[in-house]
1. Does at least one position in segment 219-240 carry a residue that is in the same structural domain as residue 277 (by TED's automatic domain parsing), within 14 Å of the ligand (Cβ to nearest atom) and out of contact with any strand residue (DSSP E or B) (no Cβ under 9 Å at 6 or more places or on another chain)?
2. Name, by its number, the condition in (1) in a helix (DSSP H, G or I); (2) under 24 Å from residue 130 (Cβ atoms); (3) of a type in the set (Lys, Arg) that does not hold for residue 78.
3. Mind listing whichever residues of segment 83-112 are of a type in the set (Ser, Thr, Tyr) and open to solvent by less than 50 Å² (accessible area, probe 1.4 Å)?
4. Which condition from (1) under 26 Å from residue 109 (Cβ atoms); (2) free of Cβ contacts under 8 Å to residues at least 60 places away in the same chain; (3) among the small types (Gly, Ala, Ser); (4) within 16 Å of the ligand (Cβ to nearest atom) is the one that residue 178 breaks?
5. Looking only at segment 113-139, how many residues end up being under 21 Å from residue 35 (Cα atoms) and open to solvent by 20 Å² or more (accessible area, probe 1.4 Å)?
6. Can you tell me which of (1) open to solvent by 10 Å² or more (accessible area, probe 1.4 Å); (2) within 16 Å of the chain's Cα centre (by Cα) is the one residue 256 doesn't meet?
7. Can you find, within segment 283-341, the residue that is farthest from residue 63 (Cα to Cα) among those that are touching an Asp or Glu at 6+ places or on another chain (Cβ under 6 Å) and among the hydrophobic types (A, V, I, L, M, F, W, C)?
8. Yes or no: segment 195-209 includes at least one residue that is surrounded by fewer than 19 Cβ atoms within 10 Å (Cβ to Cβ), away from the ligand (no atom under 15 Å from the Cβ) and more than 25 Å from residue 269 (Cβ to Cβ).
Amino acid sequence: MRTIFFIIGCFATSIVFSQKNEKLALTPPMGWNSWNTFETNVNEELVKGVVESFIKDGLKDAGYNYIVLDDGWMSKERDSQGNLIPDPKKFPNGLKTLSDFIHSKGLKFGIYNCAGDKTCGGYPGSRGHEYQDAMMYASWGVDYLKYDWCNTEKINAEAAYTTMSRALLATGRPIIFSLCEWGDNSPWLWAGKIGHLWRTTGDIYPCFNCEFSHGTWSSWGVMRIVNMRKDIRKYAGPGHWNDPDMMEVGNGMTLSEDRTHFSLWCMMAAPLIIGNDIRKASKETLSILTNKNLIAIDQDSMGIQGFRVSQKDSMELWAKPLSKGDWALCFINTSSKSQKLTYNWSSNTITDSLFTFSLNTKNTSYTVKDLYKNALLASTKKPLEASIASHDVLMVRLTKKQD
Ligand code: GAL
């Protein structure tokens with residue numbers, strides 16, 4: 001009898017204290033967000049064009065499904081009842097119609113707001129209106145909320161984000177909750193129980209390794225973002241992800257740099273949120289973003305965030321343990337010249353001491369697949385030889401050989 005009460009008690013407790021929809025984002029969310037390219041210049045036609053491109057250019061087939069409107073979708077004031085109003089010039093048919101359209105194409109709809117009084121762009125924030133706004137989003141059929149951190153002076157981050165998380169849960173609609181407080185309050189320590197992803201850093205900038213100053217704050221190139229946080233991979237996993245920001249693939253870096261950026265996001269099990277004008281993307285950009293070999297690394301069901309194994313002579317090696325004993329390895333040439341790589345499998349054992357996996361090719365032999373060329377290379381019985389262009393990668397998947 002006591003055992004039964006204990007089980008019922010645990011079950012009830014988990015219902016009462018569940019603070020987020022636990023079934024969402026079991027692999028890192030994939031989609032598109034308007035901010036990196038359009039800032040607040042969003043409108044219905046843009047969103048419809050993105051939806052069309054998702055279908056026509058194979059993005060939906062590759063697994064991208066959330067179309068997220070960032071800052072700038074609202075009117076500058078709430079209505080007399082305190083409700084948010086979509087900007088009637090940008091969205092003449094309202095957001096419910098747009099959301100129905102997105103859903104009719106088998107995609108999902110995301111939106112943006114902020115924990116402060118105002119968003120970063122000066123539109124009405126959700127502070128004091130959390131439940132009202134969440135109900136409004138649910139009535140529009142919103143599936144994803146990105147929640148920012150401007151104009152929040154002196155409020156407690158964990159408490160503010162918990163309020164919005166509860167408000168989303170109370171709607172009864174499954175809504176992914178994406179926290180965006182730039183890593184300022186170490187969200188990896190507390191956000192896993194209330195949200196599905198959290199930004200780890202400030203804003204990304206489309207360069208390989210630069211800092212771009214906006215005066216009082218900076219945005220950061222790909223390698224800067226990657227190097228900014230240490231030891232937080234243990235906090236990522238199915239349903240709760242470290243988010244190094246939306247991607248800049250196709251936004252002005254070289255193809256090599258775009259490949260490196262995309263590879264690192266996949267190695268880090270990062271949310272794959274496209275940030276370019278996908279309607280006008282080149283076929284090279286599309287082929288990076290829709291590379292199914294790479295996406296499978298990001299979306300691996302174990303959800304382990306990869307790690308840097310070594311860094312020597314401007315050559316980095318990253319590793320990510322995958323399900324069924326596979327491994328993804330990424331060799332990155334960070335120098336300004338192309339470099340030759342010779343990697344002797346038998347003299348290198350890779351150990352993931354945090355998640356207790358080890359890649360030892362002495363006793364087991366693996367096939368090695370080049371994920372961009374989609375071609376098998378020599379197995380781990382022979383050293384890996386390659387030439388890697390400046391700022392480019394060699395991205396391989398190892399699978400145990402059946403012999
Ligand atoms: C920033 C955020 C960006 C974008 C912008 C909108 O705080 O990091 O990704 O959402 O606000 O104003």
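The values are calculated or read from the model by the stated rules, or taken from the named source; none is laboratory data. Every value quoted in this text rests on a predicted model; they were computed, and no experiment measured them. Note: ideal-geometry Cβ built from the backbone for every residue, glycine included; neighbour counts use all protein chains shown. Ligands, DNA and RNA are stripped out before the accessible areas are found, and what is left, the full protein with its side chains, is counted by its heavy atoms. Shrake-Rupley method; radii C 1.70, N 1.55, O 1.52, S 1.80 Å.
1. no
2. All conditions are met except number (1).
3. 99, 112
4. (2)
5. Qualifying residue count for the region: 6.
6. Looking at each condition in turn, residue 256 falls short on (2).
7. The extreme case among them is 332.
8. no
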